[in-house]
Each structure stands twice: as C-alpha cells, then as structure tokens.
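Structure first, commentary second.
The values are calculated or read from the model by the stated rules, or taken from the named source; none is laboratory data. Worth saying up front: this structure is predicted, and the values here are computed from it rather than measured. Here the Cβ is made from the backbone with ideal geometry for all residues, glycine too, and neighbour counts use every protein chain on show.
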Amino acid sequence: MLFKLSLNNIRRSIRDYAIYFFTLMIGVAVFYVFNAIETQTAFLEVSKDTSEMIDIMTKALSGVSVFVAVVLGLLIVYASRFLMKRRHKEFAVYLTLGMSKGRISAILLTETVIIGIGSLIAGLIIGIGLSQLLSAVVVDLFEANMTKFRFVLSGKSVLKTIIYFGIMYVVVMIFNSRSIGKCKLIDLIQSDKRGERLRLHNPWVCLVMFIISAGMLVWAYRRIGWQYSNLDGWGSVLVLAVIAAATFLFFWSVSGLLLRLAMAMKKTYFTKLNSFTYRQLSSKVTTMVFSMTVICLMLFSTVCLLSIAFSARKTLNNGVKEYFQSDAEIAFYNRTGEGAMSCEEVYAENGYDLSAAFKKAESVMIYDSGLKFRDVLGKYTDDFAKALGSNLITVFYFDNRPVYSVSDFNRMQEFRGRDDRKITLAEDEYAVFCNMKELMKYYDKALSDGNEITVAGRTLKPAFDKCKDDFVVGSIQRTENGSLIVPDSVAAELEGKYEIFWVWYDAATPKQKREKEEEFLAEYRKIFKDYDYMLREDLTDEEKQQIMNGEEEPDLYAGLLTKFQLADETVGIGAIATFIALYLGIVFLITCGAILALKQLSDSVDSVGRYSILRKIGADESDISASLFRQTGMLFLLPLLLAALHSFFALRCANKMLSIFIKEGFVSSMIFTSVIILAIYGGYFLITYLCSRTIIREKR
Amino acid sequence: MALLEISNIEKYYGSRSNITKAVDDISFSVENGEFTAIMGASGSGKTTLLNCISTIDRVTAGKIVLDGEDITRLKGRSLNKFRRDKLGFIFQDFNLLDTLTAYENIALALSIQKRPHDEIDKLVNEVAGQLGITEVLKKYPYQMSGGQKQRVASARAIVTSPKLVLADEPTGALDSKAAKMLLERFNYLNSDCGATIIMVTHDSFAASYASRVIFIKDGKIFNEISRGDDPRKQFFDKIINVVTLLGGDVSDAL
C-alpha cells in the first residue's frame, strides 16, 4: 500500500522529479566514468612512464571524487528539500487523514529509494556505455595504441559508485525525516497561502550595494589583471573571497536595480508583456541570491578550469614537438682542462660508432662570455626587470649570457633541417636569439639602438636589428632567455663550458624508435656511468640531490633527456589536467543547471494562475511564450555573464603568470570550453524552457 | 442594430448518454450603452452563458454576433485579438497579477495592445480618476482592500474602451460597503462613459443597479425586466418579486 502510494506520487509529480532524476543519472554516470578510467586503461599498450602517469591520474581522480561526491550530495539534499517544500499540502492531507509522521517519512523513504535505485541503474548503464567511448579519448590523450576494441566493465567503479551514492541517499533520507518531524500541521495547510511576499529592496540601498559590489570587483580585477606580479597565496585567497562577496552583493542588488532601470525606460517597460517579464524575473532573482552566487562561482571555476587545462595540454604537447628538436640530447662537460673530451670522443673511446648507430649526430659548445643582461640590454634592463616582476627575474637574471660560435649555430640548424635559419656574421658583428616573447621586444630595442658588446677583448656590433626567435637547448616550452652568437674567431678565445650533443634515431615508425631508444639508453648507462651524476656510484643520494638542486657543481657532468621521456611526461600531465578539469567541470555544470531548472520549474507551477490571467485579458500565446523564454533565458544568462566577466580577468592573470605553460591554443581552448558549457548548461536551459512551457499551458 | 445579438445558443456538456444542457436555447440582444444584469441560481447556466459570450467557452449551437461579427466562428489568433480589443473582463476573484502594481496591472491591458507608453500613462490616470483609485496606483494587490482590488480590475477591463464589459459576480468577494461603491462606479461608467456592461450575479441588490435584468433558470430565460424610469429602490422590489417567483436558493442570496 505504502509502496503503491509512493510509486503513484512519483508518477504524478514526474514533472518535478524528471529534472532531479535526470541530474542524478548524469551524476552517477559521470562518477562511474571517471572512476573506471583505471580499468579502462589497464589493457592499453603504453610505455612505463605513461603507465606511471595513468597511475598518478587515477589516484588524483579518486581524490577529486570525494570532493565531487560532496558537491553532488549537497545538490541532492538541496533538490530533495526543494521538492519536499512543494508537497507540503499533500503531507497536510495525509496528516488530517490521521497518518502518522512516521508513515509519511516511510513514504518519502520509499520514494527516495525508488528514485535512488532507478537513477543508479540508469546512470550506471549510461556510464558503462560512455566509458567505452572514453577509452578512445584516453588513447588519444595519451597518444597510446589501442590494438582492438574491448568492452570493459569496472566492478570496482560500480561498487564505489553504489557506495558513494548510497551514502548520499541515506543522508537525504535523514534530512527528509527530520524536516517532516519538525513540521506543524497548520503550517503545512497554509503553506501555499504564505506565498513569498515581494521583497523589493529599497532602490537606494540597492544602488549603494551595487556600487560597493562594483567597487570590490574593480579592485579584485585590477589586482589579478594588472598587479598580479606580487600576488602570493593569501593574496589570491583574499581576491577570491572579495570576488565571492562582490558576487553575492551583485545578485542581491542587481534585480532591484535592473527593475528600477527598466521601469524608468517607460517605452520598453510598457511594451507587450515586458512589465510582467521583468517583475517575474526580479522576484526570481531576489529569492535566490545565495543560489545565484554559488552558481556563478561554480560557472567561473568551470570556465577557468577547462580553458586552463585544455590550453596547458595543448601547449605541453605542441611544446615537445616544437622545442625539442632531436630524439635525444646530452648535456656534457668535462671541467678538468687537460684530458677534456667531447661527447663524440667518449663514444669513440668506448668503441661505439656513432655514424652507424644514428641517422645523425651533432654537437655545439656553449661558451661563457661573462656578459650579463645589463651588458646586452643596456638602458632597457630596468624596463625589462620591471616588466618581468620581481619573482621571475631571479631565476636567470644573474646568469651569464651563453655564447655560441656562428658555425656551431649553423651546423645545429642543418642538423634540425632548418637551413633557412642559418646566419652569417662579419668579424665585428654579433647576433642574439631568444624565444621568450616578453623578452624579445627588449632585445629588439637594444639591438636596433646598435648596442655594442665586448667579448674576449673585442668590441662587436649587432648584425641584425632584431633578435632571432630560436633556441639551442631542448625544452617543452619557450625557455630561451637570450644567448649570443659570435664569430668563430671570438669564440675560440673563450672557455667552453657545456657541450650539447644531439642524435636522431635511425628508425621509421614510432615503435622502431622506441626500440632504438632502449638500445641508446642501455649504451648511455654503460658509457656515461662515470659522468652522469645520477648514475655515479661514488656519490651518495644526498650529494646527488644537492647537484640536482644546483647547490653543488660536479667537475664531470652528463645529463640525458629524450624526446619520448619528455613527451610521455608532458602528455601525462596534460591528460591529468584535462581529465580533472572535465570531471569537475561537468559536475559543476549539472549542479548549476539542476538548481536553476528546479527553481524555474517550481516557479512556473506557482505562476500557472498568472499566465491564465494573461490569457484571459487577451495576451497572445506567442507573447506569453516569449515572456517565459526571456525569463528562463535571463535566469540562466545572468550568472553566466558575471562568471564570464570574472573568468576574463582571472584568465588574463593566468595567461600572464603561467605564460610559459599556456601560451598556445588559448582561443581554441576557450572555444572548446564554450562548447562544453553550451552543451550542458544550454541543454538544461532548453529542457527547462520546454518543460515550463508545457506547465503553463496545461490549465487552459 | 444591437451591439450584441445572441440567437438560439445552446451549450451541452457530457457524453451522448448523459447530456447536461447548461444553456438551452437562449436568445436576447444588448443595445449599445446598456447595463444588463443576468441573474440565476448556482448551476442555472449564467456563468456558462457569460463564458460563451466571452469566447472562453464554445457554444454547441447558435450564433453570437458582436458588433456585426459572428464570434462563434473565430479561431486561434483572431480569438485572442477579439478578446483583447473588444472585451473587458471583471472576475469575482479579481485576477490581478500579484507581482505587478495596480498601475502596471491596468497598463498591461494596454501594452498587450501595443499602445504607445505616453498614451498608456494618460489612459491609466484617467480611468484611475474615474474609479477613485488614483492613490493606490503604486500599491501591490496584497496591499489593497478587496474593494480597491475590484476597482483596479474594473479599471483594467475598461481602460481599453472595449465594446463590451463582462463582469462575473464582481461583488461576490466584497463586503456590502465595497460592493455598493463598486456598483455606483459601474453606474457611472455606464451612464457617463457610455460603457456597455453585462454583469452576472445572484445578488438582487447588485442587479438593481442595472437597467435591465435577465433571469435564467435551468439554462433557459425565465423572465426579463427593465428598470425604465423607476428609482433603484422600486426596481430592487421588482427584482425581489421575480426572485421569489423563481424560488429556490436565489432568495437566500439576499
């Protein structure tokens, strides 16, 4: 009997429950999908580095899952309390019929269980389907090989999903029974008569609050948009807190203010149903200031997370292709003056024929000029220091500028297959190359001024009035902060510091390349075991650590970096960032969408009478639909617009501060982010609008 | 020619086996500038009749011609347009939008006709003066008394200068003082502003303000009396007589 009643209740209020059920279902599916990644990737053919990365990722994702569970749990509690409030009248009928509160709690419990089980099953089915699709995404993100399609079901993830959501539903049940216990019959009976009074704030108070909010936002935006260089941990927390507070004040004041503004524009206000539309919207926003704030901040987080993650991934992945122009790179030096050997000589000494093993090998020498930034940049040094901000400079500010001979530089270009980048220098000329965008313009200024330098007692003048966009040492990003190219005769006078040695593997396919790399690494470990401090047996771990931190300089040095190592690592980092951002982003979006949808739908139910009045006084059906569309649209748009504004300044800050990481693909990642938001948030909007329209059309 | 010509209209409810004739072959006409009351007991069909005239409901048979146009043939968009431009409604439960002020409620009737805003302002103030609600224009419905609400609703109904004002039990939710005040306003609107009003009521006192009363019983016209040059008191006595003849529960509406 109880079960039947519960089932009927759900069937009757399917309209209210539909969006709730839908949201739960997506929540379950997303939760499953991201927790099943471990199983999904278990069969992929990946390198050791990549599988370590996947391991790190699954750990990170399961940590994030706890947070996600809290967010979804709060959403479920909010939604179920909201739906309960709509049914006070019904509970009143039960109570007057003599049903005990315990029985009512039991009905609610049964309903929650039915909905819970239903959404769990539906969500898991969808999740299992989607996670097969996700395998393909993983393959793409990790640039792995998928030999054949395999259907994977992660029992662990299924269990985890059931446990997590089970806990959430239990929490909801406790909440529901407690709120039923506290209800008084008289309040329940009169619940619909108590209708929310129009709380129009005093316009002057609104104006003051709005100005305060705008002031806070301007301060916060300035702080992150322009004065970001001295922003530390607590400073950022303060800025975020100010943004949150300003957002709250904004929503508190905006509806009243906009309404006054609209009312002042009499011509628009008294056109068709505009006055009605504005009033409805304003009362909606006024009654959900806190929810709007939370929604806006979640959207803000989503935009930032997604766009930074996407663009970081893209930058990292492209970075390796672009800024690591060899298959392997050895940095090598031998400080002891006599018996100094080049890399090539070390190989030869060990009986290794380079030309037979590799397609190509090349090396250049880095000379120490003793020149500082000030010597090269001249009077622009201070501008440059200011532009960089205090904390970035220290990294390389006091380093000597590296010097290369022009023939080394040209041979390097030949090795890279970039003959067009070769240069020629006269005996009294020098050139500069750099690839950090912020620095290049200062070099350009100094060079076009004809700034002269003195190297090894010879005075050189610039050969070009612009600095070359180039680099020598391989990296995953633009890290070359400025080096000099001098004539060979000048370089010969200088002390060689490091040798940079490169090879291209002689292999056609990635698989062959991997094999070749294994060979190369094995040889390296043998040949350079006395040079590479990580391989040296005479050093303790502590000493190795000191060398790694740059506190100690060994007199022999060799360091190896291969393209595969870098790529595996960067691809992994990019993929982890993308997955976490996607996970959180989707959960945030469905949360926002669900809160707004529930509010709008229940408002529509409450407003059915108003719409029928409009019809009675002869308003066109199309005007009524348009009014509803605008109300729903503005409700969804308002937090999104403010979030977009927040994001603009936050991303501006991120773009500058993390410029080395997210230099590239910012526009395309913004587009991708927008598409995701449009699909999920926009989807909620559309469903909400269509459902609302059905609701207000029902009672003709 | 009469403003409203109703000829042989019928309205049936129910299925083939169980037919209720809510309106059973009613014909009458209303001249321009007339104030007509329709009286009848609960269930006599008076509200159904009003709903048919107001195009909220459709007749089963018969013709309703308003201002030379057969409104039983209207459909969809033109139906809305007809309601918007030619009719004014006053309901028992006011049907004011609680989210709008009195001013905005009245203005809404004009703004959905796409009138320019300066004209709206002028008309709203004018009609508010006529109905004595100028001082409540800035208030919300919940801040007003029942009488004030009904006068605002009346203002909304007549501000568009409709051909015909239809009032369904307008005094039903008012106390006697507010009812009297409203009816005096109706009289004023009718005699001084030339509004044509059809009012459905079961209150003889309310009906006595009309120039003509049509009595309905079981879906048929039972009787019809005109006020002529009688003072209102005398007309009220006449109505009471008919009500007594009608019998039943109308008398207890006194």
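A few notes on this one:
- Considering B:A157, B:A153, the condition of being among the small types (G, A, S), at pLDDT 85 or above and crowded, with 22+ Cβ neighbours inside 10 Å is satisfied by B:A153 alone.
Each row is one residue, and each column tells you yes or no for (1) assigned to a strand (DSSP E or B); (2) among the aliphatic types (A, V, I, L, M); (3) within 14 Å of A:F409 (Cβ to Cβ).
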site: A:D420; (1), (2), (3): no, no, yes
site: A:I423; (1), (2), (3): no, yes, yes
site: A:E427; (1), (2), (3): no, no, no
site: A:Y430; (1), (2), (3): yes, no, yes
site: A:K441; (1), (2), (3): no, no, no
site: A:A446; (1), (2), (3): no, yes, no
site: A:G450; (1), (2), (3): no, no, no
site: A:T454; (1), (2), (3): yes, no, no
site: A:T459; (1), (2), (3): yes, no, no
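- Filtering region A:347-376 to residues that are within 30 Å of A:T459 (Cβ to Cβ), out of contact with any strand residue (DSSP E or B) (no Cβ under 7 Å at 6 or more places or on another chain) and surrounded by fewer than 16 Cβ atoms within 10 Å (Cβ to Cβ) leaves A:G370, A:K372, A:R374.
- Helices (runs of 4 or more DSSP H) contained in region B:29-117 and holding at least 2 residues within 14 Å of chain A (Cβ to nearest Cβ) and farther than 30 Å from A:Y269 by Cα: B:46-53
- Residues in region A:257-269 that are facing another protein chain (nearest Cβ under 7 Å) and either in contact (Cβ under 8 Å) with a residue 12 or more places away in the chain or farther than 15 Å from B:K138 by Cβ (or both): A:K267 only.
- Pairing each residue of region B:156-178 that is under 30 Å from B:K114 (Cβ atoms) and within 14 Å of another protein chain (Cβ to nearest Cβ) with any residue that is part of a helix (DSSP H, G or I) and of a type in the set (D, E, K, R), provided the two are 6+ apart or on different chains, yields C-beta distances under 8 Å for B:T160/B:R84; B:T160/B:D85; B:P162/B:D85; B:P162/B:K86; B:K163/B:K86; B:L164/B:K86.
- Options B:K21, B:K75, B:K63, B:K81: the member that is within 18 Å of B:T160 (Cβ to Cβ) and surrounded by fewer than 22 Cβ atoms within 10 Å (Cβ to Cβ): B:K81
- Being among the hydrophobic types (A, V, I, L, M, F, W, C), modelled with pLDDT of 80 or more and either in a helix (DSSP H, G or I) or surrounded by fewer than 13 Cβ atoms within 10 Å (Cβ to Cβ) (or both) is a description that does not apply to A:I547.
Yes/no matrix, rows are residues, columns are (1) at pLDDT below 80; (2) among the polar types (S, T, N, Q); (3) on the phi > 0 side of the Ramachandran plot:
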{"residue": "A:M436", "(1), (2), (3)": "yes, no, no"}
{"residue": "A:M440", "(1), (2), (3)": "no, no, no"}
{"residue": "A:S448", "(1), (2), (3)": "no, yes, no"}
{"residue": "A:E452", "(1), (2), (3)": "no, no, no"}
{"residue": "A:F464", "(1), (2), (3)": "no, no, no"}
{"residue": "A:V472", "(1), (2), (3)": "no, no, no"}
{"residue": "A:A492", "(1), (2), (3)": "no, no, no"}
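- One residue stands out in region A:607-623 among those that are more than 7 Å from chain B (Cβ to nearest Cβ) and crowded, with 21+ Cβ neighbours inside 10 Å: the one that is modelled with the highest pLDDT, namely A:Y611.
- Within region B:118-132, the residues that satisfy the criterion of being more than 9 Å from every other protein chain (Cβ to nearest Cβ) and either farther than 20 Å from B:A167 by Cβ or part of a helix (DSSP H, G or I) (or both) are B:E119, B:K122, B:L123, B:V124, B:N125, B:E126, B:V127, B:A128, B:G129, B:Q130, B:L131.
Every residue, every condition in (1) at pLDDT below 80; (2) part of a helix (DSSP H, G or I); (3) not assigned by TED's automatic domain parsing to the domain that holds A:A644, yes or no:
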| position | (1), (2), (3) |
| --- | --- |
| A:S301 | no, yes, no |
| A:T315 | yes, yes, no |
| A:I330 | no, no, yes |
| A:M341 | yes, no, yes |
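- Of all the residues in region A:618-638, those that are more than 27 Å from the chain's Cα centre (by Cα) and either assigned to a helix (DSSP H, G or I) or of a type in the set (G, A, S) (or both) number 14.
- Selection status of A:K359, basic (K, R) and either assigned to a strand (DSSP E or B) or modelled with pLDDT of 80 or more (or both): yes
- Verdict on B:R58 being farther than 22 Å from A:I617 by Cβ and among the basic types (K, R): no
Yes/no per residue for (1) under 30 Å from A:K437 (Cβ atoms); (2) at pLDDT below 80; (3) over 41 Å from the mean Cα position of the chain (by Cα); (4) in the same structural domain as A:R374 (by TED's automatic domain parsing):
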| site | (1), (2), (3), (4) |
| --- | --- |
| A:I485 | yes, no, no, yes |
| A:Y531 | no, yes, no, no |
| A:M534 | no, yes, no, no |
| A:D538 | no, yes, yes, no |
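- Check on A:L641, assigned to a helix (DSSP H, G or I), more than 16 Å from A:A331 (Cα to Cα), more than 14 Å from every other protein chain (Cβ to nearest Cβ) and within 26 Å of the chain's Cα centre (by Cα): yes
- Members of region A:47-88 that are among the charged types (D, E, K, R) and in contact with a helix residue (DSSP H, G or I) (Cβ under 7 Å, 6 or more places away or on another chain): A:D49, A:R81, A:R86
- Test: residue in region A:198-208 that is in a helix (DSSP H, G or I) and either at pLDDT 85 or above or closer than 20 Å to A:L628 by Cα (or both): yes
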